[in-house]
Each structure stands twice: as structure tokens, then as C-alpha cells.
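Engineer: Got a structure here, written out as C-alpha cells. Questions coming.
The values are calculated or read from the model by the stated rules, or taken from the named source; none is laboratory data. For clarity, every value in this text was computed on a predicted model and none was experimentally measured. Cβ sites come from the backbone with ideal geometry, for glycine too, and all protein chains shown count toward neighbours. Only protein heavy atoms, including side chains, enter the accessible area calculation; ligands, DNA and RNA are left aside. Shrake-Rupley method; radii C 1.70, N 1.55, O 1.52, S 1.80 Å.
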Amino acid sequence: LTPAQSGKPGMRAWQNSTNASFAAITTGVVGHSVSSRSKVMISMGRAEPARADVDFKDGPEGIRYADIKLGTGAEPFEGDVLKVNYQLDVDGKKVDFAKFFVFSGGSGEVIKGWDMAVMGSGDSMPPMKIGGSRRVLIPPALGYGAKGAGCSGSTGECRIPPDAVLEFTIELVGIKGM
């Protein structure tokens, strides 16, 4: 998906090292539907976990998160160029992933919930550290809301339907200059 195809000014089409995929976390590309069959649900404005085996904590603005592995390296600061690996699951199925995805933390290059998940947000969710992995459930209001993402103009189908909850697993691999 290129910026021209997305219809979103300023959207960046990021590619992994094999040029085989784009990073779905950039503005206008991902989400997760909430339906009666959905494994991730919204309750009182917050994402609810799809699996009981993960001990999710309440984060800011309805985000739920679980640190799978605590990092031991540096924490990111606003404006740092970050390198991450991630996977996005929708209804238990892998929808997108990238190795060595690069973005500027806290600058709005990615959806708000994803930025918050990596950068942290106040006392309710600490920032990730290099070497850490975090699973995050991002409610629609911090993702793509009612628009959905990856929608085809000709068929009206969306790669990821409207009113999306995003389930990401994120690993902070590095910070430029560190």
C-alpha cells in the first residue's frame, strides 16, 4: 500500500528488509473488528484480552498491556528513531508483521495507541526498554476508529474492518545511536 493508494496524506509505506510487506501500524492501515465472534472485545472503552494465559494490565485510555519480557537497555525518548519487530493478530490470525520497522517515537508517525505502547504513558504504563517485548490491546479510539483500514475502493472490503481493536506483540530492538 503506497501513500497514494491509502488516500491518507503523510502516510508512510514502510517495507521490511525483503521488501515483502508494509508496516501496518502507520496511519490508515490496520485495525481489528469487534463482532460477536471476536476474540478481543471492548468493555467500557477498553480492550479485553483474547487469551486468559496473558496477565494484561490496565494502561491509559483503555489500552491493555502485558510485558512478555522486560528489556534491560535504554528507554526511548520523544523524537528518538526506534527499531522494532512486531506482529499484528486479528481474531487469532496473523495479519501483518515486520522485522526492523523504523519510526520516530512520539512524533505521530504511527497510530496513537501504538506510540503510547512503546513510549509509555505516565504512571499507568512505563516505556519499553531495548530488549523488551510487550503484548498490547489497543482500542478503536487509539487505532483507526470507525474508518477501518486497508479498504478497497472498488469492493468496499476492508483488510481490517471498522471499529478495530488491535492486538500487537512488539519487541523494541534498538534506538538509533545506542
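Engineer: Go through the stretch 53-66 residue by residue and turn each phi into a ³J(HN,Hα) via Karplus (6.51, -1.76, 1.60, θ = phi - 60°); whole Hz please, and just put x for glycine and proline.
Structural biologist: 3J(HN,Hα) across the stretch 53-66, in whole Hz: 7, 10, 8, 6, 10, 6, x, x, 6, x, 5, 10, 8, 9.
Engineer: Count neighbours as other Cβ atoms within 10 Å of each site's Cβ, and list the trypsin sites (Lys or Arg not before Pro) in the stretch 103-178 that are DSSP loop with at most 13 such neighbours.
Structural biologist: 176
Engineer: Zone of residue 124 (label point 7 Å along Cα→Cβ, backbone N under 15 Å): which residues in the stretch 61-84?
Structural biologist: Answer for the stretch 61-84: 61-66.
Engineer: Now for a different question. Cross-link candidates for residue 69: which lysines have Cα within less than 20 Å, leaving aside residues fewer than 8 places away along the same chain?
Structural biologist: Candidates past the 8-residue exclusion: 57, 83, 99, 129.
Engineer: Next up: Rounded to whole Hz and in sequence order, give me ³J(HN,Hα) for the stretch 170-175 from the Karplus expression 6.51 cos²θ - 1.76 cosθ + 1.60, θ = phi - 60°, writing x for Gly and Pro.
Structural biologist: For the stretch 170-175, the Karplus-derived couplings read 10, 10, 7, 8, x, 10 Hz, x marking Gly and Pro.
Engineer: Which chymotrypsin sites (Phe, Trp or Tyr not before Pro) from the stretch 58-87 combine a DSSP loop assignment with at most 14 other Cβ atoms within 10 Å?
Structural biologist: In loop regions of the stretch 58-87 (DSSP not H, G, I, E or B), the sparsely surrounded chymotrypsin sites (Phe, Trp or Tyr not before Pro) are 77.
Engineer: Hey, another quick one. Scan around residue 80 for amide H atoms under 5 Å from its own, H built in the peptide plane at 1.01 Å from N, and keep only partners 5 or more places away or cross-chain.
Structural biologist: 105
Engineer: Let me ask something else about it. Which value, in Å² and to the nearest 10, is the accessible area of residue 55 when all protein chains are kept and the probe is 1.4 Å?
Structural biologist: It works out to around 120 Å².
Engineer: Near the amide H of residue 95, under 5 Å away, which other amide H atoms are found, from residues 5 or more places off or on another chain, if H is placed in the peptide plane?
Structural biologist: Long-range HN contacts for residue 95: 88, 89, 90.
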